[in-house]
Each structure stands twice: as structure tokens, then as C-alpha cells.
Amino acid sequence: MKYHLITLGCQMNLSDSERVTAVLDQAGYTLTDNEEEAELIGILA
């Protein structure tokens, strides 16, 4: 399953995005830069 993250705001949100990415990668998800390919889209604001 592919996911795409959109990060808005400050550096803390960037840190949160890295943490979410690590968890999703360990769960077997694959990061994609293409929103249309993603089955899961996360917005961190």
C-alpha cells in the first residue's frame, strides 16, 4: 500500500512527518510523491 504525506507549518511538523514515515515504512507501506498513486494521504499541520 502506498502513502503520501503533506507537511505544513513548522519544523516540529517535519519531525512528526519523519516519525510517521518510519512507522508506516515498518508496517510495510511505501512512500510515494504522487498523490494520485497513494491509497493513504496524511496531512500534518
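Taken as a whole, the structure places ASP33 among residues that are under 10 Å from the mean Cα position of the chain (by Cα) and surrounded by fewer than 11 Cβ atoms within 10 Å (Cβ to Cβ). Take the residues of region 1-18 that are of a type in the set (Ser, Thr, Tyr) and outside any strand (DSSP E or B): which is farthest from the chain's Cα centre (by Cα)? Among them, the one singled out is SER15.
Read-outs throughout are calculated quantities, based only on the coordinates presented, and are distinct from any laboratory measurement. Here the structure is a predicted model, which means the values were calculated and not measured. Counting neighbours? That spans all protein chains shown, and the Cβs are built from the backbone with ideal geometry, glycine included.
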